[in-house]
Each structure stands twice: as C-alpha cells, then as structure tokens.
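> Handing you this structure, nothing more for now.
Coordinate-derived values only; no laboratory data. These figures come from a predicted structure and were not determined experimentally. Methodologically, a virtual Cβ is constructed for each residue, glycine included, from the backbone with ideal geometry; neighbour enumeration extends over all protein chains shown.
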2 protein chains.
Amino acid sequence: MQEQALVILSGGQDSTTCLYWAKKRFDVKNIEAVTFDYGQRHKIEISCAQQIAESNNISHHIIPINSFESLGQNSLTGSKSEFDDGQYRNLPKTFVPGRNLIFLTFAASLAWQKKINHLVIGTSQTDYSGYPDCRENTIEAMEKTLNLGLDYAIKIHAPLMHLSKSETVVLAAELGAMDAMAYTHTCYKGEQPPCQQCEACKLREKGFINAGFEDPLLN
Amino acid sequence: MQEQALVILSGGQDSTTCLYWAKKRFDVKNIEAVTFDYGQRHKIEISCAQQIAESNNISHHIIPINSFESLGQNSLTGSKSEFDDGQYRNLPKTFVPGRNLIFLTFAASLAWQKKINHLVIGTSQTDYSGYPDCRENTIEAMEKTLNLGLDYAIKIHAPLMHLSKSETVVLAAELGAMDAMAYTHTCYKGEQPPCQQCEACKLREKGFINAGFEDPLLN
C-alpha cells in the first residue's frame, strides 16, 4: 500500500507551502487536508483552505473545535476583546495555549480513522513568533505521545521547521506554490485585503521582501 | 504560593476518587475541577461531576468539545450508531482515538491560564480496557509534550495508574470518597440506574465485589 499523508492546512502561506511539499513526496491521490474551525478571528482562512485544497484535488476535512473560548481569553479567538498583538506573561497575546498540540492530536485521530500514517504541519522554530508549540522539541515529543497514545505509527513532518520566513517563500517558489499564495490568508485581524499592520502581516511582508519576491496576495 | 491542582473530573468512579486523592495532597481551596462535554452518550456524567464538585466546594469548569463526531465513528460519541462495546481494529469500539490526550491538553491550557501546575487524571493501565492512552508511558510522554509546548511546568498525577479496579475501590474507601460514589456515573449507555450490562458497568461491579464493598450507587 502506498503511504498516505494528512496536511494540516490553515489556509495560510506556510501550510499551503506544506501542501505543495507533500505533493512532491506523496502521490496526490494519497494526500488529504484538514482545517480547524476553532473560532479564529481570521475565519476567512477556512474558505482559503477550502479553495486551495479544491484546486489541488485534495480531499478536505473541516473539524470544528468550540473549546478555546471557554479556556480563557486570548487575542486570536476572544470575541469579547479587541484584537491585540502585544505581550502577556512573556508570550504574544495571540498565543492560544496548546493550539498546535490540539491540532496535531485531532489530526492524528482523523489519520487513525483513515489509516493514514503521515502528518504534515507548517510550524517553524526560526520565526516562531514566541509560540513554544512551534518548536522542534515540542513536535518530537508530540509525535512520541501520539504513537503511544494511539498505539499507531504516526510520523509528523514539519518541513519548514528550520527555515526563515524568506526561505519559506523561496521554497514555495521552488515547489510551484507561488500562484496558490494569491489565495492564502495571513492577517490576524481577518481583513481582506490584509491590514498590513498586525504581526502576522508584517512577518509575511518581510519574508517576501527578503526573498526578493512580490507577494501575489497584494498584486 | 501554595501549589494548586486541577482535577479532570468525568463524574465517574475513578476521577471522583482522584478528587479525594487531591484533597489529601492539596489545600481544598487550591483545587479546581474540569469536565469535558464532548458529546458522550453518557452525558449524565456531567451533572454528576457538577454535583460532586459542588458538594466538595471545588470550583468547576465545563469545557465543550464538539470535534469528536466529525473525526469518525466510535460507539461512545457516535449519535448515528447503536451503542456497541465490541472490537474494532483490535481496540474496543468505545475507543475515541486521542481522547485522553485532548483532555490533558485542554486541561493544561486551562491550568496555564489559571497558573495551576498540577493536573490529576484517573487513568489506570491495570484495568485499562484496551485504551492505549491510559498507559503510564503515554501519560509521561504527554507530560513532557505539555511542558515543552506550553513552556510551563505541568506535573500530571495519575494516582490510580497501577491499581486494579478493586484496589481503586479500597482507596476510595480509605480517602472517605465512598459516600460520593452514590453520585458517580459509570454506565457507557448513560442509563440511570446503570444498565449493568455494558463493559463499564461490569468492570465497576467486579471492582466492588472483589474489594468486598457494596456499591453505594446500587443501594
């Protein structure tokens, strides 16, 4: 049986690059994608993910998660507070504690059901914005936990782990993902066209400038 | 500052015993409890948990999780299928893949928000019903993952890990938790009085008989 992969596709620049990375490693008919509808302020990224999956003929799952709001305030899912990308307890206010761990566990659960053994996620510890669950040691520990907890072989691929934002842009170009960038969403405020003011927009802009590419989203 | 603990309280026999275990180790005013409303067929356990927390003056959180049904069928949360505690891929059909990992991650996220460093969970690998995420190596790997992923000190206590069901009953008696057993819920079918036919009911019955106690729930 051929190896199958499940890509965690947020609809952003990084996870879209990961989808194209997966297309190089796996037969496209063996790739599926999963997007989480978790109350994100930038909900528009869900339809971006849908569009990107569809245009690549990738089977796409949307999993709802209604838990984060009950867990406490953060600036990314909190509907009550104004958007704020300042700091709180030495972490960005956009930090949703455990978000990537939850995503990986639900993705692994879906993979178990569908007999898929490979997960692909777009986390990077180079430009990780202060989110500890993007780091390689966290992802490695999570992989071990999932293998034990599901009693099932799960391999987590994080192809952007050691790339800077601009190196990710270069990789996207090499993988033929640049056209798809026009359909991705990055802005934390959920604005379209992007606000170009929030940390996520600024990080994206810097990446494209340093890589020497124009951002298809802005043209 | 005194140490604080968050008990994952399902409203069942084991997690209630863990709440009483926590009361011996932590000041009762420093204990909180969390229950997950995840679409379980035996939803009645949520009000059991509420009642047990309230009667112990423990602050109680209920966190909704609407994700499991989208992840695929299992017999514990599937509303479409009949209840079935048979086997599927060498695991019980009541296995919800990754359930305890999700519970621990959300609990840790809540603990992070509330500056709590200790989690207490009632998993046991002795009578673990074939659920791999109840085993000690899974819990240890999860603890490491949470410490890294939240960049925060989380200690997971699983005081029932090496106890058989009957030893858990004896422990409950020693901890003064036996009266509270009358308010716990175990039956997978969600029946009250319990069906006494499902695997969960049978395991509970065997535990009480072997420990030489009458089950307060049945009297």
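> Provide a whole-number value for the mean count of partner chain Cβ atoms within 10 Å of the Cβ atoms in peptide A:57-67.
4
> Compute the label-point distances linking B:S55 to its equivalents in the other copies; points lie 7 Å from Cα along Cα→Cβ; give nm, one decimal, shortest first.
Result for B:S55, in nm, nearest copy first: 6.0.
> Please give the FRET efficiency for A:T126 paired with B:F213, using the beta carbon to beta carbon distance and R0 = 60 Å, rounded to the nearest 0.05.
Using R0 = 60 Å, I get an efficiency of 0.55.
> Taking the Cα-to-Cβ direction at A:E136 and at A:K155 and moving 7 Å from each Cα, how far apart do the two end points lie in nm?
1.7 nm
> May I pose another question? Once a ≥ b ≥ c are taken as the square roots of the eigenvalues of the Cα gyration tensor of the stretch B:174-219, is the result rounded (a/c under 1.5), prolate (a/b larger than b/c) or oblate (a/b not larger than b/c)?
Taking the square roots of the gyration eigenvalues as a ≥ b ≥ c, the stretch B:174-219 is oblate.
> Would you order A:L163, B:L146, B:L104 from fewest to most other beta-carbon atoms within 10 Å of each residue's own beta-carbon?
If I rank by nearby Cβ atoms, fewest first, I get A:L163, B:L104, B:L146.
> Given R₀ = 60 Å, FRET efficiency for B:V28-B:R89 by Cβ-Cβ distance, to 0.05?
0.90
> Before anything else, pin down the relative contact order of chain A: Cα pairs under 8 Å, at least 6 apart, normalised by residue count, whole percent.
Answer for chain A is 24 percent.
> Could I ask something else about it? Between Rg and the Kirkwood Rh of the stretch A:5-218, both from Cα atoms, what is the Rg to Rh ratio?
Rg/Rh for the stretch A:5-218 comes to 0.93.
> Most exposed first by the Cβ proxy, i.e. fewest other Cβ within 10 Å, how do B:F213, B:F106, A:F36 rank?
With the fewest neighbours first, B:F213, B:F106, A:F36 line up as B:F213, A:F36, B:F106.
> Put a point 7 Å out from Cα along the line to Cβ at B:N210; what are the distances to that point in the other copies, in nm, shortest first?
Listed shortest first, these distances are 5.9 nm.
> Next question. Within 10 Å of each Cβ of B:107-114, how many other protein chain Cβ atoms are there on average?
If you average over the peptide's residues, the count of other-chain Cβ atoms is 5.
> Partner chain Cβ atoms within 10 Å, averaged over the residues of B:131-141 - can you pull that number for me?
4
> Sticking with this structure for a sec: Which distances, shortest first and in nm, link A:K115 to the matching position in the other copies, using label points set 7 Å out along Cα to C-beta?
5.2
> Also, I was wondering about something else. Can you find, among A:S166, A:G130, A:L218, the residue sitting farthest towards the positive end of the charge dipole of chain A, where Lys and Arg contribute +1 and Asp and Glu -1 at Cβ?
Farthest towards the positive end: A:G130.
> Mind ranking A:109-116, B:195-202 by how tightly packed they are, going by the mean number of other C-beta atoms within 10 angstrom, highest first?
A:109-116, B:195-202
> Using just the helices of chain B, give the 222 nm mean residue ellipticity in deg cm²/dmol: DSSP H runs with n ≥ 4 each add -39,500 (n - 2.57), and the total is spread over all residues, rounded to 500.
Calculated from helices alone, the mean residue ellipticity at 222 nm is -11500 deg cm²/dmol.
> Indicate, rounded to the nearest 5 percent, the antiparallel portion of the DSSP beta bridges found entirely in the stretch A:5-218.
Counting only bridges with both partners in the stretch A:5-218, antiparallel ones make up about 10 percent.
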